[in-house]
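Working notes for the structure below.
The values are calculated or read from the model by the stated rules, or taken from the named source; none is laboratory data. On a predicted model such as this, the values are computed, not experimentally measured, just so you know. Virtual Cβ from ideal backbone geometry, glycine too; neighbours counted across all protein chains shown. We work out accessible area using only protein heavy atoms, side chains counted, and drop any ligands, DNA or RNA first. Shrake-Rupley method; radii C 1.70, N 1.55, O 1.52, S 1.80 Å.
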Amino acid sequence: MFFFDPYLFALINADAQTPWFSIEFARVLSAWAPNISAILVIIALLFGSPGVRRTMLMLLLSMATAWLIARLIRWGFPAPRPFQLNLGTLWIQHGGRASFPSQHASGAFALAMALSLGVTRHRKALVALGWTAAIGVAWSRVHLGVHFPSDVMAGALVGISAALLVWNAAFWLRSRRYLRMAPHIKKLRLRLKAQ
């Protein structure tokens, strides 16, 4: 927990005076946004063009990397959840596992960043939807009392970093393969010109 967490948590966490629709909206975001995203990714993998399938595979690899990084951080630095410290109100059933960083936020922001890196300029609405969903998921986790704000901020950083790491590694590997093949391609072009 960071110095700003108690103040920000008190501002965002729902209490008895919070309108019921705000709490229900947070519950839906927290529970259904990951499930709906998974269904859309599976549909894109099954029915998308080769470019879309490639982007979805990179997206899944980004999310898996974010999950792994978040798990390693949690293992190394176990941090309590707000309800374990008797802070705020918990609005959903939740176990007492370590909370820093938020795995929901890590996955959501990895998805949003991977979409930003893989989607063409003609699908900017999809990118905007991804970032809106990621921010909504992060907000919902604090609103429902499951995480501190620093948990979801760290999750966002982990998710964005994981997606950048995966995409940069893929571009590096692709360029290395092209560099190795470049002399062969040049010879092939010269042969074709000669014929």
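Within region 152-188, if we keep just the residues that are modelled with pLDDT under 90 and of a type in the set (Ser, Thr, Tyr), the residue that is most open to solvent (accessible area, probe 1.4 Å) turns out to be Tyr178. Among the residues of region 49-94, just one is more than 14 Å from the chain's Cα centre (by Cα), touching a residue at least 40 places away in the same chain (Cβ under 8 Å), open to solvent by 50 Å² or more (accessible area, probe 1.4 Å) and within 29 Å of Phe171 (Cβ to Cβ), namely Arg54. In this structure, Ala128 does not qualify as under 13 Å from the mean Cα position of the chain (by Cα) and either under 19 Å from Thr55 (Cα atoms) or at pLDDT 85 or above (or both). Is there a residue in region 122-137 that is in a loop (DSSP other than H, G, I, E, B) and surrounded by fewer than 24 Cβ atoms within 10 Å (Cβ to Cβ)? No, every residue in region 122-137 fails to be in a loop (DSSP other than H, G, I, E, B) and surrounded by fewer than 24 Cβ atoms within 10 Å (Cβ to Cβ).
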